[in-house]
Amino acid sequence: MEIKKFDVVIVGAGPAGASCAIKLGSTGLKVALLDKATFPRDKTCGDALSVDVINQLAMLSDKLAADFTALENKIPSYGVKIFSPDHQCVDIPFVHKNVKSCGYISPRLDFDNFLFQHVKNYPNISIFENCEVEKITQQESKNSIHTKSGIFECDTAIGADGANSVISRNIGDIKVDKKHHSAGLRIYYEGVTSFHEEGFIELHFFKEILPGYLWIFPLADNKANVGIGIPSSVVAKEKIDLKK
């Protein structure tokens, strides 16, 4: 099987992996970015980005931050509406460094692909899509990442492959602690109106799903991201089927 050699191999090309690749783009290191999917691809998420997102993007690349402002299919959000189990509501505006600020709501399909495409600006980074990692082995100071597309050998391996990380399981023997993870389900609706005029996101706490909650986030073109999140420990204990 072919062996490809790199200084750094990043497993997972989502926001964490792509951001890491962008930061390494100016180092001159020979970097490989692997992902089991082909972009653009979607992920279950509320699609909300914090008020500090522009600053975080600028830390990676000034061009990245500038390009984000022109990214289509996103809307600004200036706060959050929180609904209690007895249907009381409180509006909390977003404030950053004592100044009224806004976050953004951008579908993961678009935002993740935006970061992923930016990685292509760096000639020292090689991208491998549809490249699923099967295992990682270590010998002395070298890491060998075994995939269905071949073996990647590197000095440094970075696991950015999510909650069920192959890298974490192979190297650190890290297991998912259901007390600190949540199960989520999300669906998009069209033709949704009557959202807060400043794009406030909504969090609804119902007695039936505590300590979980329901979210409703506005999107562009009168669409909405509606989802539910419940701690994995509760889902397992109560044998909850989120799809029902």
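So which of Lys36/Lys179; Lys30/Lys142; Lys5/Lys43; Lys43/Lys74; Lys5/Lys175; Lys207/Lys239 end up more than 20 Å apart, counting from Cα to Cα?
Correct reply: Lys36/Lys179; Lys5/Lys43; Lys5/Lys175.
Could you compute Rg(Cα) / (2.2 N^0.38 Å) for the range 1-129, with N its residue count?
1.27
Measuring from a point 7 Å past the Cα of Lys148 along Cα-to-C-beta, which residues in the range 117-135 have an amide N at less than 14 Å?
Only 129-135 pass the distance filter.
Give the residue from Ser101, Val119, Cys131 lying farthest towards the positive end of the charge dipole for the range 74-132; charges sit on Cβ (+1 for Lys and Arg, -1 for Asp and Glu) and the dipole is referred to the Cα centre.
Value computed over the given set: Ser101.
So what's the gap between the Cα centers of the range 180-230 and the range 122-138, to the nearest angstrom?
Their Cα centres are 34 Å away from one another.
Using alpha carbon coordinates only, what is the Rg to Rh ratio of the range 144-244, with Rh defined as the Kirkwood radius?
1.13
Suppose R0 equals 35 Å. What FRET efficiency, 1/(1 + (r/R0)^6) with r the Cβ-Cβ distance, do Ile92 and Gln138 give to the nearest 0.05?
0.15
At a Förster radius of 35 Å, what calculated FRET efficiency corresponds to the Cβ-Cβ distance of Ala58 and Leu242, to the nearest 0.05?
My answer for the efficiency is 0.40.
What does DSSP give for the chain in terms of the percent of beta bridges that are antiparallel, rounded to the nearest 5?
That works out to approximately 65 percent antiparallel.
Among His96, His87, rank each residue by its count of other Cβ atoms within 10 Å, from fewest to most, as a rough exposure measure.
His87, His96
If you bin the C-alpha pair distances of the range 89-163 every 10 Å from 0, what whole percents do you get?
That works out to 13, 29, 26, 15, 14, 2, in percent per bin.
Can you figure out the FRET efficiency of Glu190 with Arg41, using R₀ = 25 Å and their beta-carbon distance, to the nearest 0.05?
0.75
We did not get these values from a lab; they are worked out from the coordinates using the rules stated. Note that the structure is a prediction, hence the values are computed from the model and not measured. Here the Cβ is made from the backbone with ideal geometry for all residues, glycine too, and neighbour counts use every protein chain on show.
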